[in-house]
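Participant: This structure is in structure tokens; I'll ask about it shortly.
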Amino acid sequence: MGWYSKGFDEAEVQAAATQGNWTREFFLKSGDEADGIRILDDDSFNIRAHFVKGKGWFTCIQGVGDENCPLCEAAGTPGSPVGKAQNQFVFNVFDPREYTDSKGNVHKDQVKIWRVGITLLRVLNKKRNKYGPYPGWVMEISKMGSGQSTAWNIEVEKAEKKFKMPEGEELYDLEEVLAPRSRAEIIAALNNTPMPSSNNEDDSDEEDQDIDWKKA
């Protein structure tokens, strides 16, 4: 298996087998609801990822190439800020909600990425069987609880009009923004250490660094 697959069938296979770049992420807090949400992709983009407290999501590199994933190694350490790798099934979505950022700027009608688990993906797939392709929907979504106790309610209506992308917005290239980093890049990011820019081929013989969690 590479670092990603596509579609519901592959998502089921991945879930059964396993039981970087800055992006705007779609999320709801417990008790929140959002209306007018639209999935903009025909299928899910399936990966495994770790959440690192204070740093966000990193695509897992275990089994992708020859390098061991430093996040998998760190996830089992008591007190580590790194979570275990999770199955994630990712979509571009349109979020019409308005919010004000920390600088006082108002935002609305944005494209974001939505990371869902296999349980929610199964719900979405059942609705797709009933209502047709994802981009033809308009959804009202509400959420209660968190973690393993999360409950989602999703109401779907057929869109009356074809979706028109707001000016200045575009779909994320998920293969690009979710692409896994190298082991060295991940360690540098976690340690807040810039990657050295060097053309010296001898650099490739250096030993692996350890993650200094005091810097993370």
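The values are calculated or read from the model by the stated rules, or taken from the named source; none is laboratory data. Everything numeric in this text was worked out from a predicted model, so none of it was measured. Note: ideal-geometry Cβ built from the backbone for every residue, glycine included; neighbour counts use all protein chains shown.
Participant: What about GLU175, is it under 17 Å from the mean Cα position of the chain (by Cα) and at pLDDT 95 or above? Even if it seems obvious, please write down each step before you answer.
Facilitator: On the way: under 17 Å from the mean Cα position of the chain (by Cα): yes; at pLDDT 95 or above: yes.
In short, yes.
Participant: Out of the residues in segment 52-82 meeting the condition of being in contact with a Gly (Cβ under 9 Å, 6 or more places away or on another chain) and of a type in the set (Gly, Ala, Ser), tell me which one is surrounded by the most Cβ atoms within 10 Å (Cβ to Cβ).
Facilitator: Among residues in segment 52-82 that are in contact with a Gly (Cβ under 9 Å, 6 or more places away or on another chain) and of a type in the set (Gly, Ala, Ser), the one surrounded by the most Cβ atoms within 10 Å (Cβ to Cβ) is ALA75.
Participant: Could you count how many residues in segment 27-39 are at pLDDT 95 or above and either of a type in the set (Lys, Arg) or crowded, with 17+ Cβ neighbours inside 10 Å (or both)?
Facilitator: Residues flagged as at pLDDT 95 or above and either of a type in the set (Lys, Arg) or crowded, with 17+ Cβ neighbours inside 10 Å (or both) within segment 27-39 amount to 4.
Participant: Output yes when any residue across segment 9-25 is modelled with pLDDT of 95 or more, under 16 Å from the mean Cα position of the chain (by Cα) and aromatic (Phe, Trp, Tyr), and no when none is.
Facilitator: Scanning segment 9-25, I find no residue that is modelled with pLDDT of 95 or more, under 16 Å from the mean Cα position of the chain (by Cα) and aromatic (Phe, Trp, Tyr), so the answer is no.
Participant: Would you please list the contacts, defined by Cβ atoms under 8 Å and residues six or more apart or on different chains, that run from a residue in segment 87-113 that is more than 26 Å from ARG48 (Cβ to Cβ) to a residue that is outside any strand (DSSP E or B) and at pLDDT below 90?
Facilitator: HIS107/ASP101
Participant: Here's a follow-up. Can you list the helices (runs of 4 or more DSSP H) lying wholly within segment 83-195 that have 2 or more residues being loosely packed, with under 14 Cβ neighbours inside 10 Å? Working first, answer last.
Facilitator: On the way: elements: 118-131, 174-177, 183-190.
Helices (runs of 4 or more DSSP H) meeting the threshold: 118-131, 174-177.
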